[in-house]
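Okay, handing you the structure first.
No value in this document is a laboratory result; all are computed from the given coordinates. Note that the structure is predicted; figures quoted are calculated from it, not measured. So basically every Cβ, Gly included, is an ideal-geometry build from the backbone, and we count neighbours across all protein chains shown.
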């Protein structure tokens with residue numbers, strides 16, 4: 001009775017992955033791999049061009065979860081994901097998810113929309129370890 005209704009969908013978050021965003025992420029993380037920063041080098045790799053850091057793309061999924069459940073719930077979320085495809089420079093990425101069933105699990109994803117594609121680049125499951133309870137109920141139980 002004290003449980004809060006969980007939403008059926010996560011709040012989507014969208015971000016444009018341009019060269020400046022990739023550079024800022026490289027500076028923050030000190031990850032200067034040329035696959036992310038050097039167009040000439042990246043063009044000669046199997047990726048065929050500059051790609052974003054995987055964790056840059058994944059951070060958008062965390063933003064979606066925070067927007068849905070609030071920052072106070074972030075430590076209670078377990079995330080299991082797979083990186084399926086790279087995010088390319090100038091892609092728009094969108095993160096979100098749908099409730100998997102009546103449990104506390106969500107099927108989560110990050111999709112990339114680029115000049116010539118629209119595809120899922122990250123997929124997985126987010127599980128709320130402890131279901132949220134109504135503030136009134138938890139306050140009266142303390």
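Helix 19-29 versus the longest principal axis of the chain: what is the Cα-based angle in degrees, 0 to 90, to the nearest 10?
The two axes meet at around 70 degrees.
Assuming R0 = 25 Å, what is the FRET efficiency of residue 118 and residue 28, from their Cβ-Cβ distance, to the nearest 0.05?
0.35
Follow-up question, since we're still on this one. Could you rank the peptides 81-88, 107-114 by their average count of other C-beta atoms within 10 Å per residue, with the highest value first?
The densest-packed peptide leads the list: 107-114, 81-88.
Can you give the translational diffusion coefficient of the chain in µm²/s, computed by Stokes-Einstein from the Kirkwood radius over Cα pairs at 10 °C and 1.306 mPa s?
It comes out at roughly 96 µm²/s.
With springs only between Cα atoms under 10 Å apart, run a GNM on the chain and tell me which of 105, 19, 117 wobbles the most.
Result: 117 has the largest fluctuation of those listed.
Right, next: What value, in deg cm²/dmol to 500, does the helix sum -39500 (n - 2.57) over DSSP H runs of n ≥ 4 give at 222 nm once divided by the residues of the chain?
Mean residue ellipticity at 222 nm (helix-derived): -8000 deg cm²/dmol.
Please report the spacing between the Cα centers of the range 59-90 and the range 1-58 in Å, no decimals.
11 Å
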